[in-house]
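Each remark here refers to the structure printed beneath this line.
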Amino acid sequence: MKLHSLKPAEGATKKGKRVGRGQGSGRGGTSTRGHKGQQSRSGYSKKRGFEGGQMPLYRRVPKFGFKNINRVEYRGINLAAIDNLLKANKDIKEITPQILKENGLAAKKDLIKILANGELTAKINVSANAFSEKAKSAIEEKGGSVTVVSK
């Protein structure tokens, strides 16, 4: 077998449909568009979701819900993640949004909320944009302090 002798399997390829090439092509006259009507005209393009004049699905299905434009989206970080970070890096003295971003727990523009899932084993001072009540009490229980940083 050589590269120049390679060809597709039998029946795998078809000739393209050459429309608008006269009567001898077998597709003369209407060029496979049928007679009259919107779809036979040049420049016709079907609207997305068009169902032949039937009421389209996107209009039959009722609308519901809304988007609150005042919603503030926080990146939730659990106490377990903070504890793992402290165990991995012994030189961290306090947790700030900057330290969390440097260690890959949050993205550059994320607002950070500390959540109470997991255990905190060390006394640590934590500053973030928001805290859950349980997380705040768990940090203060260990002797640490909580500081809310503005956005």
- Message: Looking at Ala122, Ala116, Ala128 in this structure, which one is within 15 Å of Gly144 (Cβ to Cβ) and touching a Lys or Arg at 6+ places or on another chain (Cβ under 6 Å)?
- Response: Ala116
- Pick from the range 36-65, criterion part of a loop (DSSP other than H, G, I, E, B) and modelled with pLDDT of 95 or more, ranking: farthest from the chain's Cα centre (by Cα): Met55
- Query: Scanning for something over 20 Å from Arg75 (Cβ atoms) and acidic (Asp, Glu), does the range 106-124 turn up at least one residue?
  - Reply: yes
- Going by the conditions given, is Gly22 touching a Ser or Thr at 6+ places or on another chain (Cβ under 8 Å) and either modelled with pLDDT of 90 or more or surrounded by 10 or more Cβ atoms within 10 Å (Cβ to Cβ) (or both)? no
- Query: Are any residues in the range 128-144 closer than 14 Å to Gly118 by Cα and assigned to a loop (DSSP other than H, G, I, E, B), and if so, which ones?
  - Reply: Ser132, Lys142
- Could you say which residue among Lys123, Lys142, Lys101, Lys113 is modelled with pLDDT of 95 or more and surrounded by 10 or more Cβ atoms within 10 Å (Cβ to Cβ)? Lys113
- Counting only residues in the range 81-127 that are outside any helix (DSSP H, G or I) and either in contact (Cβ under 8 Å) with a residue 60 or more places away in the chain or among the polar types (S, T, N, Q) (or both), the one farthest from Lys142 (Cα to Cα) is identified as Asn103
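The values are calculated or read from the model by the stated rules, or taken from the named source; none is laboratory data. Not measured: the values here are computed from a predicted model. All Cβ positions, glycine included, derive from the backbone under ideal geometry; neighbour counts span all protein chains shown.
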